[in-house]
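Colleague: Below you'll find the structure I mean.
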Number of protein chains: 2
Amino acid sequence: MTIADPRTARRRAGFVPAAPTTGRLRPLGLDEVHITGGFWAQRQSVNHRHTLAHIGHWLEREGWLPNFDRAAAGSLPEGRRGREFSDSEVYKYLEALAWEIGRTGDDALEATFRAAVDRVARAQEPDGYLNTNFGRPGQAPRWSDLEWGHELYCLGHLFQAAVARGRTRPDADDGLLAVACRAADLVCAVFGPDGVQGVCGHPEIEVGLAELARLTGEPRYLRQAELFVARRGTGTLRPIEWGQQYFQDDVPVRRATVLRGHAVRANYLAAGAVDVAVDTGDEELLAALATQWDNTVARRTYITGGQGSHHQDEAFGEDWVLPPDRAYSETCAAIASIMFSWRLSLARGDTRYGDLIERTLYNVVATSPSAGGTAFYYANTLHQRTPGTVPDPDTASLRAESSLRAPWFGVSCCPPNVARTFASLDALVATTDPQGVQVHQFATCEIRTRLDSGEVVALDVETDYPRSGSVRVTARRDAVDPWTLSIRVPAWAGGARLVVHDAAGDVSTESAAPGWVTVRRAFRAGDVVELVLPMRPRLTHPDPRIDAVRGSVAVERGPEVCCLESVDLDRASHGTVTDVADVRIDTAAGVDDQDGRPLVRLVAAPGAGRDRPWPYAERPLEPAPSVSFDVPLIPYHEWAERGPSTMRVWLPVATPPVTADTTDDQGSAQS
Amino acid sequence: MTIADPRTARRRAGFVPAAPTTGRLRPLGLDEVHITGGFWAQRQSVNHRHTLAHIGHWLEREGWLPNFDRAAAGSLPEGRRGREFSDSEVYKYLEALAWEIGRTGDDALEATFRAAVDRVARAQEPDGYLNTNFGRPGQAPRWSDLEWGHELYCLGHLFQAAVARGRTRPDADDGLLAVACRAADLVCAVFGPDGVQGVCGHPEIEVGLAELARLTGEPRYLRQAELFVARRGTGTLRPIEWGQQYFQDDVPVRRATVLRGHAVRANYLAAGAVDVAVDTGDEELLAALATQWDNTVARRTYITGGQGSHHQDEAFGEDWVLPPDRAYSETCAAIASIMFSWRLSLARGDTRYGDLIERTLYNVVATSPSAGGTAFYYANTLHQRTPGTVPDPDTASLRAESSLRAPWFGVSCCPPNVARTFASLDALVATTDPQGVQVHQFATCEIRTRLDSGEVVALDVETDYPRSGSVRVTARRDAVDPWTLSIRVPAWAGGARLVVHDAAGDVSTESAAPGWVTVRRAFRAGDVVELVLPMRPRLTHPDPRIDAVRGSVAVERGPEVCCLESVDLDRASHGTVTDVADVRIDTAAGVDDQDGRPLVRLVAAPGAGRDRPWPYAERPLEPAPSVSFDVPLIPYHEWAERGPSTMRVWLPVATPPVTADTTDDQGSAQS
């Protein structure tokens, strides 16, 4: 295991959050890919216009940014507000601003960014230490609570913010990068090989240090990240009630076989460990992480891509423990999972990583924020049993667990995490390798890059995916030499086709199996490569070991997981059935597509839901359905936008199978 | 609402934990009922011989009893050990000792009890305050943390201990009752009508005060209990992350419709509120509590009788949220539920309360302790997915959540709670009313009492229930006048019969429907009334709204819920199937009885449990079974006694139904 010499190994890094020095694929950044329309452009626009200002407002109002002013004024700990990790929300906000400025060049945001950076910078102590919650008289000493103090965690987010800024505005004089490097130097001095043999209770600094090393070329930062990864799992953290697996301190990273414990911690650690593995050439570590990803995806991931089924410790459950009603599926865990998957994707090139990223983006990350961008889900349940309350838009919620989306949280990690993800989303779209360009995610966008061969590539992608399944990639330049365009065909997309309309007017069609579909040619301006994905809604069955959804199916359409919301049920049944608990899906009726929405046949026994004194009996208690009706499902990410409702992703299957006689309109509520 | 005058309303109270002044039934105490053999006598013997000494050992070793010595010596807070509520474990231990002394007259226990009481008494402050964790220099002030301090909660257990002693040894000079009354007087002074308008974060003092009022005739104690019940739900406790329902401080007791929040808190509160309702003649409150019981049993109770499905807050989930694998089902919640049910049973006389008590006793309370009585489950999962670890018998566990039973816990409420329940179990067996005697629970025992009419009743009950279903009640005296013997026929016991063998040799048989079956006559010595309960194992289906067990059945036999443990699966399949995740039950094959154990036909597809890269698919993933075998189930309370294992109560049903062809021995692992 050797540390790659950054002077030789470092590759050109664009405006990207992750710039590994080695790996199969090189990511294209915000300087090379511009999302210009469609689903994600809309999300980015809301993020730009509403979410960033919303976050800035709450950071002021809750005192989390003013904490830095108090630190600079020397008045702390008096008046400090927020949890021990509140500094990190400011850093994630800075990171989001940095990407958004890089993406859009917005001058107003630039001013906002600089003002916030100034306040942070003034709080830094002369030796580089930066945290508003530790080290002053009246506060706990620095590094005195590695289990829960989050000091290194906060710095990890500082480093990511500085990297975002350093990559997008390398010549800026705002000073954030210098602040980060001073803090990183201190971390290396305190926690280096001969220093404190500890790790942070919440991983994150690993990924921050690795990226800072990539940006600055400073090998000590990478070495420190490597040290933190190597120390993890050796039991340096004091045991807690939920066991050392909560911190991933139970098993060394390279010996673990699956993600476990706190789901955000687990994924941030895994992402940082991939960074270390690829930058140090540690194939064993990389292989261990790939195995962890495989097992976690095979056994511990919700159909939405969400991870973490315990509320108690925000943690992964055991294999197959994936209850929809108590799904925790924290928004931040989804974002951390995307970070992990993307790094493996760059290292290994397999489309499965992009499949999970897509699933997680559409079904968790897109679910958290409201359409308006100023309210959020912290956890993302797959089954809402009772209509939630409507949160006060002016009050921070605890977790929004039994309400509609809330404006802010006491622990408000998710809103700025969503903001930085949307602001840097263009960087998940495409990569290059020596053969050409790979399209990972489908969005209307412009791709402009130069291949290693020197070939300049200009591609425009047009699609209204996921509304329809056509993704048209148009070459805008004549190529000098042949190169390969690769497009990810998702695993769900059996029956996809690739249609090549060349500039000369010829059209060829081939089937496109899941994986990479490739076209190699000397592209001519006007050549169009069109991937046609089958968007008909489909029924999806769970592995029978996921006991919590036995006898149920989900409906998916393209990358979107769908759900039944009581609003639609009420309408379709003309008020005879109002609760999603009371229906079964007639799978024999199939799933229709109604203007891009799945339409399913449901059956119910109105009034059969009366309680029995004891809910267990010698005879099956399943009520015989007496009415049937067709109900449209909505994409899961759209739920809870029409007021309090009940909702479920997994629909119990009518059993015994409904026969034609019982589903005709005679017994239907529609008749 | 008036306070009943205890001078007129108080009834004769025997050695009973609950002595309501009004109500349909009067409980017979340990002085009137002696369990002499069978299932519960065995449990009581283990409790007497092993558990009580085990608890005493750990209370010394963990410093929880020595905390009182430090208090008396004036050296606290230095050296204080244990959680803020550790005093209560000492009090529950005292209560268990008091009942056991009352039950057995054991001189060695009497000496142990007196020595412990002396140490507690010396710690009491001159004004009656008694708590080792508050009020001294260096400790938080008295009553400064009503949410979490547990001071009143601890006193509630002190009062229950004093009542146990006062009822069983009314003339003893140990001083415990005086200690309790001094503390109760202080509580009334501090929290009375014009005092602190607060309640304890953990209900329990209500039931303690009510019983102390009954024992002493002091109306202030009852009035204080009534005040605490009336204040609950008015939001006097500061909100916490899990909401005020955690403390039952969200809704006034008389307005609530179901138990919610922390399951132990909810049931202790409900038990105390019944005490207040019946002693003050508050029919509205009593009716509200009965409704809460109905709804909780209909929608929020596990088949075992266990309550509480959240690990996070040890709380009830929403209606129908009853996951078997993350069942919390805390042992103490079961005991608290029995306290609530028993009080409603006495007030209202309905057999449904006894049904739930029986279910909970056999399937939660009996499950917690090991056969040896020196290790315990704190939570009682209904599905163990991975074999648990073997705890060190010399180390306190956190919760024994992923291990076999543990010797002790950091929060060790359950062991002494089990001990006091077993020691006072005789008091749950029978009651009287003006018409006669009611037998609620089936145990070999002697019942000796005097009816209100003056009639002296002597009954001997013989049964090896639940091994068999015959319960023989033999009259041992000739009656002067006719009186009524009532026996509870459990709701599960469709087809029960009552056989009366009279002393003259005549035999009559009648069917006995669930509810009370009665025989009214002038009993002659030698008359035998035999209840014959159908003990054939039966399949039980869940309400379909309990999504977590959809498509599964449980097997019950008599009052016992059964389970499949991997040890038996491994043997029966000759090692071809070792994990309870891999089998389905062939319900068409029925359930046989093999020497009192259910024998079920299981099917499996060995090797089919391999992972797929993604556990959701367009086609059903249920493997087609290729082998079948018959496996004995064990009573759930016997599980985890044969080393680490996997276990499940709910067995997924083979689907589609297995046909005769696929289940014959051709494909069987037994062939």
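The values are calculated or read from the model by the stated rules, or taken from the named source; none is laboratory data. What you see is a predicted model; the values in this text were computed from it and never measured. Every residue, glycine as well, gets a Cβ built from its backbone with ideal geometry; the counts of neighbours run over all protein chains shown. Accessible surface is based on the protein model in full, side chains and every heavy atom, while ligands, DNA and RNA are left aside. Shrake-Rupley method; radii C 1.70, N 1.55, O 1.52, S 1.80 Å.
Colleague: Report the residue count in the stretch B:287-303 for those that are away from chain A (no Cβ under 14 Å) and either surrounded by fewer than 23 Cβ atoms within 10 Å (Cβ to Cβ) or β-branched (Val, Ile, Thr) (or both).
Modeller: Going through the stretch B:287-303 one residue at a time, the tally reaches 2.
Colleague: Follow-up question, since we're still on this one. Checking B:ASP611 against (1) facing chain A (nearest Cβ under 10 Å); (2) of a type in the set (D, E, K, R); (3) open to solvent by 30 Å² or more (accessible area, probe 1.4 Å); (4) outside any loop (DSSP other than H, G, I, E, B): exactly one of these is not met. Which one?
Modeller: B:ASP611 satisfies all of (1) facing chain A (nearest Cβ under 10 Å); (2) of a type in the set (D, E, K, R); (3) open to solvent by 30 Å² or more (accessible area, probe 1.4 Å); (4) outside any loop (DSSP other than H, G, I, E, B) except (4).
Colleague: Please count how many residues of the stretch B:314-323 are more than 7 Å from chain A (Cβ to nearest Cβ), under 20 Å from A:TRP242 (Cα atoms) and either open to solvent by 10 Å² or more (accessible area, probe 1.4 Å) or aromatic (Phe, Trp, Tyr) (or both).
Modeller: Of the residues in the stretch B:314-323, 1 are more than 7 Å from chain A (Cβ to nearest Cβ), under 20 Å from A:TRP242 (Cα atoms) and either open to solvent by 10 Å² or more (accessible area, probe 1.4 Å) or aromatic (Phe, Trp, Tyr) (or both).
Colleague: Output the residue which, of all residues in the stretch A:160-177 that are hydrophobic (A, V, I, L, M, F, W, C) and free of Cβ contacts under 8 Å to residues at least 40 places away in the same chain, is most open to solvent (accessible area, probe 1.4 Å).
Modeller: Only one residue tops the list, namely A:LEU177.
Colleague: Mind checking whether some residue in the stretch A:263-279 is surrounded by fewer than 24 Cβ atoms within 10 Å (Cβ to Cβ) and in the same structural domain as A:LEU158 (by TED's automatic domain parsing)?
Modeller: There is no residue in the stretch A:263-279 that is surrounded by fewer than 24 Cβ atoms within 10 Å (Cβ to Cβ) and in the same structural domain as A:LEU158 (by TED's automatic domain parsing).
Colleague: Output yes when any residue across the stretch B:196-216 is of a type in the set (Lys, Arg) and touching a helix residue (DSSP H, G or I) at 6+ places or on another chain (Cβ under 8 Å), and no when none is.
Modeller: yes
Colleague: Being within 10 Å of the chain's Cα centre (by Cα) and away from chain B (no Cβ under 14 Å) is the requirement here; does A:ILE338 meet it?
Modeller: It is true that A:ILE338 is within 10 Å of the chain's Cα centre (by Cα) and away from chain B (no Cβ under 14 Å).
Colleague: May I ask you to list the residues in the stretch A:617-648 that are within 11 Å of another protein chain (Cβ to nearest Cβ), in contact with a strand residue (DSSP E or B) (Cβ under 7 Å, 6 or more places away or on another chain) and either hydrophobic (A, V, I, L, M, F, W, C) or farther than 21 Å from A:PRO323 by Cα (or both)?
Modeller: Answer for the stretch A:617-648, where residues must be within 11 Å of another protein chain (Cβ to nearest Cβ), in contact with a strand residue (DSSP E or B) (Cβ under 7 Å, 6 or more places away or on another chain) and either hydrophobic (A, V, I, L, M, F, W, C) or farther than 21 Å from A:PRO323 by Cα (or both): A:ALA617, A:GLU618, A:ARG619, A:PRO620, A:LEU621.
Colleague: Is it true that some residue in the stretch B:561-579 is closer than 28 Å to B:ILE303 by Cα, surrounded by fewer than 24 Cβ atoms within 10 Å (Cβ to Cβ) and within 12 Å of chain A (Cβ to nearest Cβ)?
Modeller: For the stretch B:561-579, residues closer than 28 Å to B:ILE303 by Cα, surrounded by fewer than 24 Cβ atoms within 10 Å (Cβ to Cβ) and within 12 Å of chain A (Cβ to nearest Cβ): present.
Colleague: Among residues belonging to the stretch B:122-159 that are of a type in the set (Gly, Ala, Ser) and assigned to a loop (DSSP other than H, G, I, E, B), point out the one that is surrounded by the fewest Cβ atoms within 10 Å (Cβ to Cβ).
Modeller: Among those that are of a type in the set (Gly, Ala, Ser) and assigned to a loop (DSSP other than H, G, I, E, B), it is B:GLY138.
Colleague: Within the stretch A:493-507, work out how many residues are open to solvent by 60 Å² or more (accessible area, probe 1.4 Å) and more than 27 Å from B:PRO615 (Cβ to Cβ).
Modeller: 4
Colleague: While we're looking at this one, here's another question. For the stretch B:57-112, name all the residues that are under 21 Å from B:PRO407 (Cα atoms), hydrophobic (A, V, I, L, M, F, W, C) and in a loop (DSSP other than H, G, I, E, B).
Modeller: B:TRP64, B:LEU65, B:PHE85
Colleague: Turning to a different aspect of this structure: Of everything in the stretch B:396-407, what is under 23 Å from B:PHE85 (Cα atoms), within 14 Å of chain A (Cβ to nearest Cβ) and either in a helix (DSSP H, G or I) or not hydrophobic (A, V, I, L, M, F, W, C) (or both)? Give them in sequence order.
Modeller: B:SER397, B:ARG399, B:GLU401, listed by residue number.
Colleague: On to the next question. In the stretch B:649-671, what residues are assigned to a loop (DSSP other than H, G, I, E, B) and either more than 14 Å from chain A (Cβ to nearest Cβ) or at pLDDT 85 or above (or both)?
Modeller: Selection gives B:VAL649, B:TRP650, B:ALA654, B:VAL658, B:THR659, B:ASP664, B:SER668, B:ALA669, B:GLN670, B:SER671.
Colleague: Mind listing just one residue for me: the one in the stretch A:357-375 that is within 14 Å of another protein chain (Cβ to nearest Cβ) and open to solvent by less than 10 Å² (accessible area, probe 1.4 Å) and, of those, farthest from A:GLY643 (Cα to Cα)?
Modeller: Once the filter is applied, the top-ranked residue is A:ILE357.
Colleague: Anything in the stretch A:376-394 that is within 12 Å of chain B (Cβ to nearest Cβ) and more than 16 Å from the chain's Cα centre (by Cα)? List them, or say none.
Modeller: Listed by number, the residues that qualify are A:LEU382, A:HIS383, A:GLN384, A:ARG385, A:THR386, A:PRO387, A:GLY388, A:THR389.
Colleague: Among the candidates B:PRO490, B:PRO482, which residue alone is touching a residue at least 60 places away in the same chain (Cβ under 8 Å) and either more than 16 Å from B:GLU32 (Cβ to Cβ) or open to solvent by less than 20 Å² (accessible area, probe 1.4 Å) (or both)?
Modeller: B:PRO490
Colleague: I've got another one for you. Would the stretch A:99-114 turn up any residue that is without any contact (Cβ under 8 Å) to a residue 40 or more places away in the chain and under 22 Å from A:VAL207 (Cβ atoms)?
Modeller: Looking through the stretch A:99-114, none of the residues is without any contact (Cβ under 8 Å) to a residue 40 or more places away in the chain and under 22 Å from A:VAL207 (Cβ atoms).
Colleague: Could I ask something else about it? Please note which strands (runs of 3 or more DSSP E) are completely contained in the stretch A:428-542 and include at least 3 residues that are more than 14 Å from chain B (Cβ to nearest Cβ).
Modeller: Per the criteria, A:430-433, A:436-439, A:444-450, A:456-462, A:470-475, A:483-489, A:497-501, A:507-511, A:515-521, A:528-532.
Colleague: Then there is this: Scan B:ARG584, B:ARG557, B:ARG550 and give me the residue that is of a type in the set (D, E, K, R) and either open to solvent by 60 Å² or more (accessible area, probe 1.4 Å) or within 21 Å of B:GLY495 (Cβ to Cβ) (or both).
Modeller: After applying the criteria, what remains is B:ARG557.
Colleague: Taking the criterion of being part of a strand (DSSP E or B) and open to solvent by less than 50 Å² (accessible area, probe 1.4 Å), would at least one residue in the stretch B:408-423 satisfy it?
Modeller: So far as the stretch B:408-423 goes, yes, one or more of its residues are part of a strand (DSSP E or B) and open to solvent by less than 50 Å² (accessible area, probe 1.4 Å).
Colleague: Can you name the condition, by its number, that A:HIS311 falls short on among (1) at pLDDT below 95; (2) more than 13 Å from chain B (Cβ to nearest Cβ)?
Modeller: It fails just one condition, (2).
Colleague: Within the stretch B:102-116, can you find the residues that are surrounded by fewer than 24 Cβ atoms within 10 Å (Cβ to Cβ) and more than 15 Å from B:LEU425 (Cβ to Cβ)?
Modeller: Once the filter is applied, which keeps residues that are surrounded by fewer than 24 Cβ atoms within 10 Å (Cβ to Cβ) and more than 15 Å from B:LEU425 (Cβ to Cβ), the stretch B:102-116 yields B:GLY105, B:ASP106, B:ASP107, B:ALA108, B:LEU109, B:GLU110, B:ALA111, B:THR112, B:ARG114, B:ALA115, B:ALA116.
Colleague: Please work out which one of (1) modelled with pLDDT of 95 or more; (2) in contact with a Leu (Cβ under 6 Å, 6 or more places away or on another chain) is the condition B:ALA327 fails and give its number.
Modeller: (1)
Colleague: Quick one: which of A:GLU125, A:GLU147 is in contact with a Gly (Cβ under 6 Å, 6 or more places away or on another chain), over 17 Å from A:TYR221 (Cβ atoms) and at pLDDT 95 or above?
Modeller: A:GLU147
Colleague: Could you identify the single residue in A:ARG448, A:ARG405, A:ARG467 that is outside the structural domain of A:LEU498 (by TED's automatic domain parsing), open to solvent by 10 Å² or more (accessible area, probe 1.4 Å), charged (D, E, K, R) and in contact (Cβ under 8 Å) with a residue 24 or more places away in the chain?
Modeller: The conditions single out A:ARG405.
Colleague: Can we say B:PRO219 is touching a residue at least 12 places away in the same chain (Cβ under 8 Å), surrounded by fewer than 18 Cβ atoms within 10 Å (Cβ to Cβ) and within 20 Å of B:ALA162 (Cβ to Cβ)?
Modeller: Spelling it out, B:PRO219 is indeed touching a residue at least 12 places away in the same chain (Cβ under 8 Å), surrounded by fewer than 18 Cβ atoms within 10 Å (Cβ to Cβ) and within 20 Å of B:ALA162 (Cβ to Cβ).
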